[in-house]
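Input: a single structure, listed below in structure tokens.
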């Protein structure tokens, strides 16, 4: 499941492809986007910046206990049913790919996963707003995961739910049954997996 992603396509080009205005402005290519940082997010209101990672203040589990850990990824098998996700919004995160690691601690191998056609991937996501100290409102996002496809299963037991561009409106504004039907592994053969030893993992 994605814990680091990268986005090298300019946001203005993404906005243009969607028929939207590029009000966010462009960033330099970002090869190592980490949880806690801002990412571009497509919502029903357009492209905006959100913090990756949902601080679940006020959210409780089925037993009524507070959810304590920051939510980076939400499982598609439970996101539509768990009380901790009541009232979330739905969005999509554009990326050019993500990273996974295999091997033992201190001897791990980093892998880059990207689309074979070199284009964008749209990660299904959920959103909410954290009321931070001082009254600041922080929009935040978590990606949605599912079982891996055959391309990914040898390096991780989960992968992001990836949406076709044509299915974005259905995820953003469809009903629960429609979103469930879209929460499936990406078709095999459409991803490339390669070593990612050229990334500075200490860099922000």
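Couple of notes before you dig in:
- Selection from the range 81-108 of residues that are exposed (fewer than 15 other Cβ atoms within 10 Å of the Cβ) and over 26 Å from residue 8 (Cα atoms): 81, 83, 86, 87, 103, 104, 105, 106, 107
- Screening residue 155 with (1) at pLDDT 95 or above; (2) over 15 Å from the mean Cα position of the chain (by Cα); (3) surrounded by 12 or more Cβ atoms within 10 Å (Cβ to Cβ) gives one miss only, at (1).
- Residues of the range 1-60 classified as touching a strand residue (DSSP E or B) at 6+ places or on another chain (Cβ under 9 Å) and under 24 Å from residue 128 (Cβ atoms), total: 41
- Only a single criterion out of (1) assigned to a loop (DSSP other than H, G, I, E, B); (2) under 18 Å from residue 39 (Cβ atoms) is not satisfied by residue 129, namely (1).
- Residues in the range 68-105 that are in contact with a helix residue (DSSP H, G or I) (Cβ under 6 Å, 6 or more places away or on another chain), within 23 Å of residue 34 (Cβ to Cβ) and either in a loop (DSSP other than H, G, I, E, B) or free of Cβ contacts under 8 Å to residues at least 40 places away in the same chain (or both): 79 only.
- Scanning the range 134-149 turns up at least one residue that is surrounded by fewer than 19 Cβ atoms within 10 Å (Cβ to Cβ), free of Cβ contacts under 8 Å to residues at least 40 places away in the same chain and under 18 Å from residue 52 (Cα atoms).
The values are calculated or read from the model by the stated rules, or taken from the named source; none is laboratory data. Because the structure is a prediction, the values reported are computed rather than measured. No Cβ is skipped: glycine too gets one built from the backbone with ideal geometry, and neighbour counts run over all protein chains shown.
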